[in-house]
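Worksheet for the structure shown next.
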Amino acid sequence: MDNKEFAKKLEFRTRQFGISIIKISSLLPQTVEAKVIKNQITKSGTSIGANYREANRSRSQRDFKNKIKISESEASETEYWIEIIKDLNWIENEKLNPVIKETKELLALFTAIANKL
């Protein structure tokens, strides 16, 4: 798989991840505390793909690296919010585990990409 094909597949994957984060956030309780976390995880989870898409349309190598590092940071933040949701038992593990797995994989991917730049 060449870089262009990889980029296209990762863009799709991050978009699908954003959708899954929105669906997970809709399952959170309707408490004041959960609404704060819902806002945070929705922003960070959808930002991963948005920044990756911007990276692929960057004007320079430096701009590309910056956007990749932002995607990496947003993936890490999303992992944090998912851990809180899991620790609070707000969502059943069966629904949360696939999102946890994908979050870890995306974080590992963006970390690896950033380290190679």
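The values are calculated or read from the model by the stated rules, or taken from the named source; none is laboratory data. As the structure is a computational prediction, the values presented were derived from the model and not from experiment. Glycine also receives a Cβ, built like all others from the backbone with ideal geometry; neighbour counts cover every protein chain displayed. SASA here: full protein model, heavy atoms, side chains in, ligands and nucleic acids out. Shrake-Rupley method; radii C 1.70, N 1.55, O 1.52, S 1.80 Å.
Sorted by packing (mean other beta-carbon atoms within 10 Å per residue), highest first, where do 40-49, 17-26, 90-99 land?
Highest to lowest by the protection proxy: 40-49, 17-26, 90-99.
What's log10 of I(q)/I(0) for the chain at q = 0.09, 0.12, 0.17, 0.23 Å⁻¹, Debye sum over Cα points only, no solvent?
Each listed q maps to, in turn, -0.24, -0.42, -0.78, -1.25.
From largest accessible area down, sort Arg62, Arg13, Arg57; use a 1.4 Å probe on the protein chains.
Of Arg62, Arg13, Arg57, the descending order of accessible area is Arg62, Arg57, Arg13.
Averaged per residue, what accessible surface does segment 1-95 expose to a 1.4 Å probe, in Å²?
Working: 6040 Å² over 95 residues.
About 64 Å² of surface per residue is accessible.
Angle check, please: helix 3-25 long axis (alpha carbons) against the longest principal axis of the chain (alpha carbons), in degrees 0 to 90, nearest 10.
Tilt of helix 3-25: around 10 degrees.
Enumerate the calculated ³J(HN,Hα) couplings along segment 75-88 in order (Karplus 6.51 cos²θ - 1.76 cosθ + 1.60, θ = phi - 60°), each rounded to whole Hz, writing x wherever the residue is Gly or Pro.
Whole-Hz 3J(HN,Hα) from phi for segment 75-88: 5, 5, 5, 4, 4, 4, 5, 5, 4, 5, 4, 5, 4, 8.
What does the convex hull of the Cα atoms come to per residue for segment 77-117, in Å³?
Numbers: hull volume 1.9 nm³, N = 41.
Dividing the Cα hull volume of segment 77-117 by its residues yields 47 Å³.
Once Lys and Arg get +1 and Asp and Glu get -1 on their Cβ, which of Ile84, Asn115, Asn39 lies farthest toward the positive end of the dipole of segment 15-117?
Checking the options against the dipole of segment 15-117, the answer is Asn115.
Which whole-Hz couplings ³J(HN,Hα) result when phi for each residue of segment 58-74 is put into the Karplus expression 6.51 cos²θ - 1.76 cosθ + 1.60, θ = phi - 60°, listed in order with x for Gly and Pro?
Values, residue by residue: 5, 8, 8, 4, 5, 5, 4, 4, 4, 5, 5, 5, 5, 4, 4, 4, 5 Hz.
Of all the accessible heavy-atom surface of the chain, with the other protein chains kept in place and a 1.4 Å probe, what percent is carbon and sulfur?
That share works out to 53 percent.
Using Cα positions and a limit of under 30 Å, work out the lysines in reach of Lys9, with same-chain residues fewer than 8 apart set aside.
Within the straight-line limit of under 30 Å, Lys9 reaches these lysines: Lys23, Lys38, Lys43, Lys65, Lys67, Lys69, Lys86, Lys95, Lys101, Lys104, Lys116.
If r is the Cβ-Cβ distance from Asn39 to Asp63 and R0 is 22 Å, what FRET efficiency results, to the nearest 0.05?
On the way: r = 28 Å, r/R0 = 1.27.
E(calc), rounded to 0.05, equals 0.20.
Could you tell me which of rounded, prolate or oblate describes segment 1-64, using a ≥ b ≥ c as the square roots of the eigenvalues of the alpha-carbon gyration tensor, with rounded for a/c under 1.5 and, failing that, prolate when a/b is larger than b/c and oblate otherwise? Let's see the in-between values first.
Values: a/c = 5.93, a/b = 2.20, b/c = 2.69.
Verdict is oblate for segment 1-64.
Nothing charged except the Cβ atoms of Lys and Arg (+1) and of Asp and Glu (-1): what's the magnitude of the dipole of the chain about its Cα centre? Round to the nearest 20 debye.
Working: 21 positive and 16 negative charges, 116 e Å.
Using Cβ point charges on Lys, Arg, Asp and Glu, the chain gives about 560 debye.
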